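Chemist: This is the structure I have questions about; it appears just below.
Just so it is clear, none of the values below were taken in a lab; they were calculated from the coordinates. Please read these numbers as outputs of a predicted model, since none were measured by experiment. A quick note on method: Cβ atoms are made from the backbone with ideal geometry, for glycine too, and the neighbour counts reach across all protein chains shown.
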Amino acid sequence: MSLVMAISGIAAAVAIVGVTVYKTNAETAYLYANARVISRSSAIADKARLSQLAGSSTLQDFVNSLKDSEYAPYLENIEKNNITQFNMALEEGFIQSLKDIRKISPAKFQKVFDIYQMIVEAKIIKTFYRSRVSNTPIDKTLLAPIGSINPALMTHLHDTKSVADMKVVLRDSNYKEVFDSEYQSVEEFDLALEEHVIRSIDAVLMKSSFHNKDAILSIFTKRREIRQILTLIKCRLREKKIDIRIGSIDTKKALECKDMKEFVDLFANTEYSEVLQKALEESKSEESYYSFEKLLWQHYYERVTGTELRYSIGPYPLLSYIVKKEIEQKNLLIIAKGIASGMEKKDIEGMLI
């Protein structure tokens, strides 16, 4: 009996060692990439840097202040006060960050960055959709190919004249099914496209195997929820009806609320309750939707970065870095628009995420 117990004890010890080794290997595979991300993170504009940039007297001075940043290569030919070109430069810089972090990541985690590209691809498709619905042209120099939207497909999209043409061009793409339905509004299309992107991302992640997968999934889940809430708020303000179910939210009920207080109360038992209540208080004085957008994205940023220490070893810091870059991009665009509009520094700072 003692021999059996001894053998069982040895087997258990070996199993524990095996699990420990596996876990250690899973974590150490990311050490190099995490070290690189820590180094790059120091260049992300913090609150003090953003405040300094918000004090720029002109858009050109603002752009010049970014010449020592990662965006420098994309800011060379920005025309004076051209916000569209500046936004494009930020987008190109963000795309390059995605590519850089993907390149230094372990092979099995690179697919996460491949699917993250779908978020950027969706922006391109939305831009073309809005253009074709409103019959307005798109400057060919202001959209950069990425992922499945390769240069050839981008050219074909530019050649389209209508949504029906887009459906033909994208018939062999991952976005085919989105165009199988007809939409009553641009907002309804946006929601359908975002839901498709999230479902595609979830499908890939669920089939994947990597360290701290649940934490990675939560980043995408929170992003989706915030986008859904913001879309609902926009639809309410624009009196747009949408016929799409988003998660557990009763879309029809949300759009039929008599006022924003009733809308906010729908989220009383969610993690967004306090954030939405605060945004409601701010929006009453500012009479602006932006309070909701700002505070919800702040909530997203804080939730993602607030758990970095818990998942400091593994893939989480890599994706957290991309979230930081995305928020940085939003803040830099806010500053640029504020400067171009002649806003005071303190007012610009009040809009930053």
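Chemist: Would you mind telling me which residue in Leu59, Leu319, Leu142 has the biggest mean-square fluctuation in a Gaussian network model of the chain, where springs connect alpha carbons within a distance under 10 angstrom?
Modeler: Taking springs between Cα atoms under 10 Å, the residue moving most is Leu142.
Chemist: If you don't mind, another one. Using Cα-Cα distances under 8 Å and only pairs 6 or more residues apart, what relative contact order does segment 27-167 have, in percent?
Modeler: 19 percent
Chemist: Give me the distance in nm between label points sitting 7 Å out from Cα along the Cα-to-Cβ direction at His156 and Glu281, one decimal.
Modeler: Taking the two extended label points, one gets 5.3 nm.
Chemist: Another question about this same structure. So how do 39-52, 322-335 stack up, highest first, on mean other-Cβ count within 10 Å?
Modeler: Highest to lowest by the protection proxy: 322-335, 39-52.
Chemist: So, R0 is 25 Å and r is the distance between the beta-carbons of Ser273 and Ser218; what FRET efficiency does that work out to, to 0.05?
Modeler: Result of the calculation: an efficiency of 0.85.
Chemist: Further question: Compute the Kirkwood hydrodynamic radius of the chain, taking the inverse of the mean of 1/r over all pairs of distinct Cα atoms, and give it in Å to one decimal.
Modeler: Over the chain, the inverse of the mean reciprocal pair distance is 22.6 Å.
Chemist: Also, I was wondering about something else. Given the convex hull of the Cα atoms of segment 162-268, what is a quarter of its surface area in nm²?
Modeler: Mean shadow area of the hull around the Cα atoms is 8.2 nm².
Chemist: Round to the nearest 0.05 the FRET efficiency obtained for Asn81 and Leu142 when R0 = 22 Å and r is the Cβ-Cβ distance.
Modeler: In this case the efficiency is close to 0.90.
Chemist: Set Lys and Arg Cβ to +1 and Asp and Glu Cβ to -1, take the dipole of the chain about its Cα centre, and tell me which of Ile216, Ser162, Ile334 lies farthest positive.
Modeler: Ile216
Chemist: Sticking with this structure for a sec: I'd like to verify something in the chain: which complete DSSP H helices, judged by Cα projection on the helix axis, reach 18 Å or more and average at least -0.5 on the Kyte-Doolittle scale?
Modeler: 2-28, 83-104, 107-134, 186-207, 213-237, 316-340
Chemist: Quick check for me: using +1 on Lys/Arg Cβ and -1 on Asp/Glu Cβ, what's the dipole size of the chain about its Cα centre, in debye to the nearest 20?
Modeler: Around 660 debye, computed over the chain.
Chemist: Select from Ile124, Ala152, Val204 the residue farthest towards the positive end of the dipole of segment 106-210; place +1 on Cβ of Lys and Arg, -1 on Cβ of Asp and Glu, and compute about the Cα centre.
Modeler: Going by the Cα projections, it comes out as Ala152.
Chemist: Full-extension gain between Lys111 and Lys234, please, as 0.36 nm times their residue separation minus the C-alpha to C-alpha distance.
Modeler: Additional length available on full extension: 41.0 nm.
Chemist: What ranking of Cys235, Cys257 emerges when the number of other C-beta atoms within 10 Å of each C-beta is taken as an exposure proxy, fewest first?
Modeler: Cys257, Cys235
Chemist: What ranking of Tyr74, Tyr311 emerges when the number of other C-beta atoms within 10 Å of each C-beta is taken as an exposure proxy, fewest first?
Modeler: Tyr311, Tyr74
Chemist: Moving on to the next point. Would you mind calculating the gained length between Thr307 and Lys252 on full extension (0.36 nm times residue separation, minus the Cα-Cα distance), in nm to one decimal?
Modeler: The Thr307-Lys252 span can extend by a further 16.4 nm.
Chemist: Taking neighbour Cβ counts within 10 Å as the exposure measure, how do Phe109, Phe86, Phe210 sort from fewest upward?
Modeler: Phe210, Phe109, Phe86
Chemist: Take the Cα pairs of segment 106-210, get the Kirkwood Rh, then feed it into Stokes-Einstein at 4 °C and 1.567 mPa s and tell me D in µm²/s.
Modeler: In µm²/s, the coefficient is 89.
Chemist: Stokes-Einstein at 20 °C, 1.002 mPa s, Kirkwood radius from Cα pairs: D for segment 208-314 in µm² s⁻¹?
Modeler: 142 µm²/s
Chemist: Give, in nm to one decimal, the length gained when the segment between Lys241 and Lys337 is fully stretched (0.36 nm per residue of separation minus the Cα-Cα distance).
Modeler: Answer, rounded to one decimal: 31.6 nm.
Chemist: Whole Å is fine, so just give me how far the alpha carbon centre of segment 92-163 lies from that of segment 46-76.
Modeler: Cα centroid of segment 92-163 versus Cα centroid of segment 46-76: 25 Å apart.
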